[in-house]
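The values are calculated or read from the model by the stated rules, or taken from the named source; none is laboratory data. Model, not experiment: these values are computed from the prediction. Counting neighbours? That spans all protein chains shown, and the Cβs are built from the backbone with ideal geometry, glycine included.
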Amino acid sequence: MESAKLEVSDRSERGSAAARRMRKAGEFPVNLYGLGREPRAMSASAQVFERIVEKGFHIVELQQENKQQVVLIQDIQYDALGSQIIHADLMRIDREKKVHVHVPVRYIGMAPEMTDSVVDKMLDTINVEVLPMHIPQEFTINLSKVEVGDAVRVNDIEMPEGCAPFDHGDDDIIVINHIKVEAVVEDTDEESDSVEPEVIGAKPDDGDEG
């Protein structure tokens, strides 16, 4: 798998005020940790990192003062609107040790339709265990091949050598094309057989006197 390049700098300031100043300058806070080494507080270009995320990279080559190290994008935090990246956690990795990564599922094509049929996409990502440099960029599912009554399950996905589902059952459904069943409410005669409650203070019928 290809890796993207990201220039980083150490940062000494912490807190929300410092983060706001960074964002005004076009940067954002990044935390680096892993492999039993001390965490480091860093900053990076927000624009460059957003392009890296948009292109689907999981692995990033950090560059700092002519030094490089390969890391995994572990977590990303967005603002309240979900439009701007405000923080990221990057994890140091050993190229020879497998990692757990959520790989996005991309749906293409149009599923065959019948009356009242509906396509339910159950998963947007698949969690896999794989060597860092062999992480798939995405898994593609062609909906045009999912007939009504069919489902695509985790074990139907063709994965590269050395890549396997993690924390999924083989039968976990990714997407299913099925007939939507509406709940049927049966009519009953309960209402016609029910006794109306007595209204306190109401004048009784003449036939009830005596």
If the requirement is being β-branched (Val, Ile, Thr), more than 30 Å from MET159 (Cβ to Cβ), surrounded by 18 or more Cβ atoms within 10 Å (Cβ to Cβ) and touching a residue at least 40 places away in the same chain (Cβ under 8 Å), which of these qualifies: VAL8, VAL60?
VAL8
How many residues are within 19 Å of GLU65 (Cα to Cα), of a type in the set (Lys, Arg) and free of Cβ contacts under 8 Å to residues at least 24 places away in the same chain if we restrict to segment 11-51?
0
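Would you pick out the residues in segment 46-95 that are part of a loop (DSSP other than H, G, I, E, B), more than 21 Å from GLY34 (Cβ to Cβ) and among the charged types (D, E, K, R)?
Answer for segment 46-95, where residues must be part of a loop (DSSP other than H, G, I, E, B), more than 21 Å from GLY34 (Cβ to Cβ) and among the charged types (D, E, K, R): LYS55, ASP79.
Given the residues GLY82, GLY26, which is the only one that is within 30 Å of MET122 (Cα to Cα) and among the small types (Gly, Ala, Ser)?
Answer to the check: GLY82.
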Out of curiosity, is ALA183 at pLDDT 90 or above and part of a loop (DSSP other than H, G, I, E, B)?
no
